[in-house]
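**Q** A single structure is presented below for examination.
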Amino acid sequence: MIPEGFLELEEDIIFKVSASNKSCEYDADGDAWITVIVRNEQPVANLYINKKVEEKELDSNITYLAEDIDYSKIKYKVTAAENIINYIDGSYYYEKGQEVGIYPLKEDGTLMIELPMRKVRSSRSIDFGWICTR
């Protein structure tokens, strides 16, 4: 069984508790025990945005990609859509509704953010005035 919030191990961890195992420890009653440490990672996701701006000619209704746009002025606010929990110790990375961050696009209109894998919401802003929520 995989604990919630963790990745499945690629290989099983096999160990044996016996008197011949040099890593065994013993309690006050003489019972052998062994400590197994599993370094498992919590899954992360990459949020990719590739923003393009279209312009429409008023007289002909022709739509085309706008040129010479400085996409770095467009920013996205990312908030947690649910509690994002660190399953190692039960603490919260982010509580529901908490701002994760405000991220500007690169000049070419792209953005990549690595986040703990859970639901997030992004809002687009221009000049810090929120104009759209997804």
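The values are calculated or read from the model by the stated rules, or taken from the named source; none is laboratory data. No experiment lies behind these values; they were computed from the predicted model shown. When we count neighbours, we look across all protein chains shown, and the Cβ atoms used for this are built from the backbone with ideal geometry, even at glycine.
**Q** Is it the case that the range 120-132 has a residue that's within 20 Å of Q42 (Cα to Cα), surrounded by 17 or more Cβ atoms within 10 Å (Cβ to Cβ) and at pLDDT 85 or above?
**A** The answer is no; no qualifying residue exists.
**Q** Just one of the numbered conditions (1) within 14 Å of the chain's Cα centre (by Cα); (2) over 30 Å from L9 (Cα atoms); (3) not acidic (D, E) is not true of M112; which one?
**A** For M112, the exception is condition (2).
**Q** Give the range 50-77 a look and list any residue that's aromatic (F, W, Y) and over 31 Å from the mean Cα position of the chain (by Cα), or say none. Step through it out loud before you land on a result.
**A** Within the range 50-77, the first condition is being aromatic (F, W, Y), and the residues that meet it are 64, 71, 76.
Within the range 50-77, Y64 is the sole residue that qualifies.
**Q** Within the range 103-112, can one find any residue that is assigned to a strand (DSSP E or B), surrounded by 10 or more Cβ atoms within 10 Å (Cβ to Cβ) and without any contact (Cβ under 8 Å) to a residue 40 or more places away in the chain?
**A** Yes - at least one qualifying residue is present in the range 103-112.
**Q** For the range 2-19, indicate whether the set of residues that are among the charged types (D, E, K, R), out of contact with any helix residue (DSSP H, G or I) (no Cβ under 9 Å at 6 or more places or on another chain) and surrounded by 10 or more Cβ atoms within 10 Å (Cβ to Cβ) is non-empty.
**A** Taking every residue of the range 2-19 in turn, none turns out to be among the charged types (D, E, K, R), out of contact with any helix residue (DSSP H, G or I) (no Cβ under 9 Å at 6 or more places or on another chain) and surrounded by 10 or more Cβ atoms within 10 Å (Cβ to Cβ).
**Q** Among the residues of the range 64-83, which ones are closer than 19 Å to Y48 by Cβ and part of a loop (DSSP other than H, G, I, E, B)?
**A** Selection gives I69, A81.
**Q** Does K77 satisfy the criteria of being touching a residue at least 12 places away in the same chain (Cβ under 8 Å), within 30 Å of V38 (Cβ to Cβ) and touching an Asp or Glu at 6+ places or on another chain (Cβ under 7 Å)?
**A** No.
**Q** Give me the residue from the range 29-51 that is part of a loop (DSSP other than H, G, I, E, B) and surrounded by 10 or more Cβ atoms within 10 Å (Cβ to Cβ) and, out of that set, modelled with the lowest pLDDT.
**A** N40
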